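Colleague: Can you read through this structure? Questions will come right after.
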Amino acid sequence: IFKGAGSSLYGNNAMAGTINIITKRPTQNFTGTLNLSRGTYNTKSINISGSKYIFDKLFINLAGFYRNSDGYFDLPDSLQDQYSVPIFLDERGLSANIGYSFNKNAIFDIKYDYYDDKRGEGVKIYKSDGVHRNFDTNFIQATFKKKNNVSKFDIKGYIQKEDYFRVAERFKKGDYNH
């Protein structure tokens, strides 16, 4: 767990902190999971993952998720007007990891993560999705890990590209601004 901002490692959306989840290495047999869920505000979610050693020392992990929610109103009924709409959520992600295990003490892997997030802000005038924010993140990381009886080290290199935009529209003194 990293408390506080971690933008140099995890992007500018990690203001309060991050939890670094280290996934298990695959087994020789295929392992996978599928989770479906449904919740309040018509929230639907699917998570799928799988992993396997392809050859004796070459392994692969694949995972993806999709989450969608019709959203909720953040204003009390007394403050809502004809432009108030629920705050919605539409997000998806994909992760692929391929690696080579030299032996039980030395591993090299490359990981790619993609994340797409669209979140409404509760106002819609003319734009089809109203006021909303969109984050598209691509992250690639290469890691070499080695340990022996005396020491352990990890060498990591990464590149991250995050595209962000916000669609804004409003009425101000009778004029439409976007």
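Colleague: Give the residue that is nearest to E91 (Cα to Cα), with candidates limited to residues of the stretch 39-69 that are of a type in the set (D, E, K, R) and over 19 Å from the mean Cα position of the chain (by Cα). Lay out the reasoning, then the answer.
Modeller: Here is the first cut: in the stretch 39-69, the ones of a type in the set (D, E, K, R) are 44, 52, 56-57, 67.
Okay, now just the ones that are also over 19 Å from the mean Cα position of the chain (by Cα), so 52, 56-57.
Details: K52: 27, D56: 36, K57: 34 Å.
It comes out as K52.
Colleague: While we're on this one: What about N68, is it polar (S, T, N, Q) and in contact with an Asp or Glu (Cβ under 6 Å, 6 or more places away or on another chain)?
Modeller: Details: polar (S, T, N, Q): yes; in contact with an Asp or Glu (Cβ under 6 Å, 6 or more places away or on another chain): yes.
Yes.
Colleague: Please verify whether the stretch 161-169 includes one or more residues that are open to solvent by less than 50 Å² (accessible area, probe 1.4 Å), more than 27 Å from I60 (Cα to Cα), among the β-branched types (V, I, T) and in contact with a His (Cβ under 8 Å, 6 or more places away or on another chain). Break it down into steps so the answer makes sense when it comes.
Modeller: Initially, the stretch 161-169 is screened for residues open to solvent by less than 50 Å² (accessible area, probe 1.4 Å), giving 167-169.
Remaining after also requiring more than 27 Å from I60 (Cα to Cα): 167-169.
Then keep just the ones that are among the β-branched types (V, I, T); that gives 167.
Add one more test, that the residue is in contact with a His (Cβ under 8 Å, 6 or more places away or on another chain), and what stays is 167.
Within the stretch 161-169, one or more residues are open to solvent by less than 50 Å² (accessible area, probe 1.4 Å), more than 27 Å from I60 (Cα to Cα), among the β-branched types (V, I, T) and in contact with a His (Cβ under 8 Å, 6 or more places away or on another chain).
Colleague: Assess whether S95 counts as being out of contact with any Cys (no Cβ under 7 Å at 6 or more places or on another chain) and touching a residue at least 12 places away in the same chain (Cβ under 8 Å).
Modeller: Numbers: out of contact with any Cys (no Cβ under 7 Å at 6 or more places or on another chain): yes; touching a residue at least 12 places away in the same chain (Cβ under 8 Å): yes.
For S95, the condition - out of contact with any Cys (no Cβ under 7 Å at 6 or more places or on another chain) and touching a residue at least 12 places away in the same chain (Cβ under 8 Å) - is met.
Colleague: In the stretch 25-59, which residues are among the hydroxyl-bearing types (S, T, Y) and open to solvent by 80 Å² or more (accessible area, probe 1.4 Å)?
Modeller: Going residue by residue through the stretch 25-59, those that are among the hydroxyl-bearing types (S, T, Y) are 27, 31, 33, 37, 40-41, 43, 45, 49, 51, 53.
Passing the criteria: T40, Y41.
Colleague: Counting just the residues of the stretch 94-133 that are closer than 30 Å to I54 by Cβ and β-branched (V, I, T), which one comes out surrounded by the most Cβ atoms within 10 Å (Cβ to Cβ)?
Modeller: In the first step, residues of the stretch 94-133 are kept if they are closer than 30 Å to I54 by Cβ; the result is 94-116.
Checking the rest, the ones that are also β-branched (V, I, T) come to 98, 107, 110.
Values: I98: 15, I107: 19, I110: 14.
Applying the filter and picking the extreme gives I107.
Colleague: Please go through the stretch 45-89 and pick out each residue that is part of a strand (DSSP E or B) and more than 23 Å from I140 (Cα to Cα). Give the derivation first.
Modeller: To start, the set of residues in the stretch 45-89 that are part of a strand (DSSP E or B) comprises 45-53, 58-72, 84, 87-89.
S45, I46, N68, S69, D70, G71, Y72, S84, I87, F88, L89, listed by residue number.
Colleague: List pairs: first in the stretch 51-63 and β-branched (V, I, T), second assigned to a loop (DSSP other than H, G, I, E, B) and modelled with pLDDT under 90, Cβ under 8 Å, 6+ apart or cross-chain?
Modeller: Filtered contacts from the stretch 51-63: I60/P26; I60/I54.
The values are calculated or read from the model by the stated rules, or taken from the named source; none is laboratory data. Please read these numbers as outputs of a predicted model, since none were measured by experiment. Positions of Cβ are generated from backbone atoms using ideal geometry, with glycine treated the same way; all protein chains shown enter the neighbour counts. Keep in mind that these areas ignore ligands, DNA and RNA; they rest on the heavy atoms of the full protein, side chains included. Shrake-Rupley method; radii C 1.70, N 1.55, O 1.52, S 1.80 Å.
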